[in-house]
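S.K.: Questions regarding the structure given below will be posed in turn.
Read-outs throughout are calculated quantities, based only on the coordinates presented, and are distinct from any laboratory measurement. From a predicted model like this one, the values you see are computed outputs, not experimental measurements. Backbone-built Cβ (ideal geometry, glycine too); neighbour counts: all protein chains shown.
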Amino acid sequence: MNRPFSRFAMPLVALAFSFSTAIAGPGHDHGDEAPVASSGSVSPRFEAHSDLFEVVGVFGGHELSVFVDQYADNAPVLKAKVELESGSTKAVGEFHEDSGDYKFAVKSFEKPGEYPVTLTVTAGDDVDILAANLVIPDGHAGEDHAHGDNTSSPLYQRIGIGAAALVVLALLILGVRRLKKTRGAGGLK
């Protein structure tokens, strides 16, 4: 490869790659600002923690998935007994080893509204009660929604395609210049 050409091509490729991977949309930066709500569809969720446990609940369609971790080290709590209470609804979660969550097939969350949720977690000798509110907004009840990752949205796809097109265009221009120089130098000899 011609030295001047490679001197420009590699930095352009690196710049385009870093540009395309560094673009962050609303809510994706890690600064001190409060996160901005995603415009994508996010499943209704709640979280709560105590000195022992941390729970995250995600309502997807017709069931509630609850993930339980040790609060101190974030280690998953597997095969515990997780009991749910919300209004007149009482249920025990079914542990799914493949996903590491506890599933509750509850129909009481299928209508829009705010639901107080109390979870009792029993893991060995550790027992704790955690409380949170699950908010089901209008238009979300009874539907399955993708998680809030918008990096596959059309805007991000267009930005990535645009960055790649700029790299290809820059490489073509450099290649044509190199070819002209090579032909010009060869014709003079």
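S.K.: Using r as the Cβ-Cβ distance of residue 50 and residue 105, and R0 as 22 Å, what FRET efficiency do you calculate, to the nearest 0.05?
M.R.: So the FRET efficiency works out to roughly 0.30.
S.K.: Which lysines, on any chain, are close to residue 81 with Cα under 26 Å apart, when same-chain ones fewer than 8 places away are left out?
M.R.: 90, 103, 107
S.K.: Straight-line reach from residue 181: which lysines fall under 21 Å, measuring Cα to Cα and dropping same-chain residues less than 8 apart?
M.R.: Reachable lysines: 189.
S.K.: Can you give the net charge of the other residues whose Cβ lies under 14 Å from the Cβ of residue 132, counting K and R as +1 and D and E as -1?
M.R.: Its environment carries a net charge of -4.
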